[in-house]
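Participant: Just passing along the structure, written as structure tokens.
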Amino acid sequence: MKRLQGKSVVITGAASGIGRAAAHLFAAHGARLLLVDRADDVLATASAVRSEGGTAVARVADVSSEEAVQGFIGEAVRLHGGLDAVYANAGISGGGIAFDDLTPDDWLRVLNVNLIGVFLAIKHAARVMVPAGRGAIVCTASVAGIRSGAGGAPYSASKAGVISLVQTSANQFAGTGVRVNAVCPGLVETGMTQSIFDRARERGVEQKIGQLNPLRRSGLPQEIAQAALFLASDEAAYVNGQALAVDGGLSSSLPVVPPRA
């Protein structure tokens, strides 16, 4: 069964990692895609989806720009006759800057993409979905937004903000037929986390990656995409305002290795 057959879907952060995996998976389930990223590699993602028989166009855009978000949401409606789902996945890590060295600019750079970008996606998607009386919005948060120990301060705060935004917007849209949910990945090998995996391999300790979760391994982008697919589909018709952890069980206890002083 194709869960998104004929549905118009926007995916942000689709140039690599989870967004790229979601693009391939959603297309395989029949979605007509508009893919967005600020990196030109999003064009390659769309090309690869089309080569597999899927429907996809790509746009290079900044998700923290309201004009850009309004533009690509509108384009999806024009191209595909409506908007059924949005996966607001774009995000940045903010790097490994020590807490005492962080500046307001460091915070703003992360919040603009990770939180404001998600807000804008929800806002402009809802302007299409609410009048239609239906729609699914999925956002990428993180286990770092649930408890400490899984990311730097700006990143963690931004992802906690995404979880709160999902909860508050789901209630703002009460009675409209529009659902808003989040997926909270644990440690997954993507462009954002590549340095962690590369360092582990260089030191010969790759087998220790993910050792703090009960499954004792890291996740795959495809595993996060599967959760996002569920939330975007009609199979999740009674799921709303939730933050679904896909983390190998890490957040069930979220053990922390304290940083060295």
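Participant: For residue 147 and residue 134, calculate 0.36 nm times their separation in residues minus their Cα-Cα distance, and state this gained length in nm to one decimal.
Facilitator: Details: separation 13, 0.36 × 13 = 4.68 nm, distance 3.21 nm.
Roughly 1.5 nm would be gained on extension.
Participant: Additional query: Under 29 Å between C-alpha atoms is the cut-off here; go through the chain and count lysine pairs that meet it, provided they're at least eight residues apart or on different chains.
Facilitator: Counting lysine pairs in the chain gives 5.
Participant: For a quick check: with amide H placed at 1.01 Å from N, whose amide H comes under 5 Å from residue 55's, ignoring anything fewer than 5 positions away on the same chain?
Facilitator: Amide H neighbours of residue 55, under 5 Å, 5+ apart: 33.
Participant: Can you list the HN-Hα couplings for segment 212-222, worked out from phi with the Karplus curve (6.51, -1.76, 1.60; θ = phi - 60°), rounded to whole Hz and with x for Gly and Pro?
Facilitator: 7, 9, x, 7, 6, 7, 7, x, 10, x, 5
Participant: Each residue of segment 229-234 in turn: what ³J(HN,Hα) in whole Hz from Karplus with 6.51, -1.76, 1.60 and θ = phi - 60°, glycine and Pro shown as x?
Facilitator: Ordered by residue, 3J(HN,Hα) equals 4, 4, 5, 7, 8, 5 Hz.
Participant: Additional query: Using the Karplus curve 6.51 cos²θ - 1.76 cosθ + 1.60 with θ = phi - 60°, work out ³J(HN,Hα) for each residue of segment 62-78 in order, rounded to whole Hz, and write x for Gly and Pro.
Facilitator: Computed from phi, the couplings for segment 62-78 are 9, 5, 8, 9, 4, 4, 5, 5, 4, x, 6, 5, x, 5, 4, 5, 5 Hz.
Participant: Place the peptides 21-28, 110-117, 60-67 in order of packing, highest mean first, counting for every residue the other Cβ atoms within 10 Å and averaging per peptide.
Facilitator: Going from most to least packed, we get 21-28, 110-117, 60-67.
Participant: Oh, and also: Taking loop as defined by DSSP and a crowding limit of 16 other beta carbons within 10 Å, which trypsin sites (Lys or Arg not before Pro) in segment 1-44 fit?
Facilitator: Within segment 1-44, the qualifying trypsin sites (Lys or Arg not before Pro) (loop, at most 16 other Cβ atoms within 10 Å) are 2.
All of the numbers you see were taken from the coordinates with simple rules; none came from a lab. Predicted model only: the values in this text are computed from it and were never measured. Virtual Cβ from ideal backbone geometry, glycine too; neighbours counted across all protein chains shown.
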